[in-house]
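Below is one structure, written out as structure tokens, with a few remarks after it.
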Amino acid sequence: MKRLSVVASALLVVVLAAFGCAQMSSMMDTGWVTLVDGEKGLENFNRIGDANWRAEGGAIVADKGKGGHLVTKKSYRNFQIRAEFWADHTTNSGIFIRASDPNKVGSKTAYEVNIFDQRPGQEYATGGIVNFGRIPVPNPSTYKAGGKWNTFEITAKDTHLRVIFNGIETITMYDSTFASGPFTLQFGNRGKEPGGAIKWRKVQIKEL
């Protein structure tokens, strides 16, 4: 009987610990809004451009057209974004944040967190913010997104901007050029050449 009591007590401790961890995890996730969840979420965005956005294979996908953006219907100032994406080796894409003109999105009207492994100016390639750069690393392959699923964590808090690509900080900077605006998911081409496919599997935002 005593042995059974000890076993029961141990099991109770395990259950309570698991419950506590679940509660803590739930509290940490409070405030997140999911805009893309697998094939769901296209209705949460306005479209500009002619990219062929569609739900396919468990993600939101584009791989044809002259280029375009999915633009959030809401404007944001201080926030965190978590995104899961798949890029081809020739993909030109990105997440544009604090877009000052939601009808004409570009690196001159928003901060462009880039996904472009083959960009001629590698200082602004995948993991960087165009016109601002990224943190140099000894191994350039650290910044390659092509042919696999990747993650972005983007934080914008007043003038402080920070990007984490696949768990590695790629840029942290202070700038006040763009204060607020919607964010966008891009499909782009490489100059006159077609860009590779981009797939968004999970996109969440949390206002700060």
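Summary table below
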read-out	value
Alpha-carbon gyration tensor eigenvalues x 5, square-rooted, for segment 65-163, Å	21, 16, 13
Helix-only mean residue ellipticity at 222 nm for the chain, each DSSP H run of n ≥ 4 adding -39500 (n - 2.57), per residue, nearest 500	-4500 deg cm²/dmol
Of Lys73/Lys199; Lys64/Lys157; Lys157/Lys192; Lys66/Lys157; Lys40/Lys206, those spanning more than 29 Å from alpha-carbon to alpha-carbon	Lys64/Lys157; Lys157/Lys192; Lys66/Lys157
Size of the chain as Cα extents on the principal axes (Å, biggest first)	79, 37, 37
Charge dipole (debye, nearest 20) of segment 45-108; +1 at Cβ of Lys and Arg, -1 at Cβ of Asp and Glu	400
Accessible area, probe 1.4 Å, largest first, for residues Trp200, Trp149, Trp32	Trp149, Trp32, Trp200
Sulfur and carbon atoms: percent of accessible area, segment 119-159 [1.4 Å]	55
Stokes-Einstein D for segment 124-199, Kirkwood Rh over Cα pairs, 10 °C, 1.306 mPa s (µm²/s)	114
Mean separation of Cα contacts under 8 Å, 6 or more apart, over the residue count of segment 51-113: relative contact order %	21
Normalised alpha carbon radius of gyration of segment 91-136 [divisor 2.2 N^0.38 Å]	1.09
Cα lying deepest toward the dipole's positive end in segment 45-131, options Ile129, Ala87, Leu70, charges on Cβ	Leu70
Per residue accessible area of the chain, 1.4 Å probe, in Å²	53
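The values are calculated or read from the model by the stated rules, or taken from the named source; none is laboratory data. All values reported here derive from a predicted model rather than from experimental measurement. Backbone-built Cβ (ideal geometry, glycine too); neighbour counts: all protein chains shown. For the accessible areas, the whole protein counts, side chains as well, though only heavy atoms, and no ligand, DNA or RNA atoms are used. Shrake-Rupley method; radii C 1.70, N 1.55, O 1.52, S 1.80 Å.
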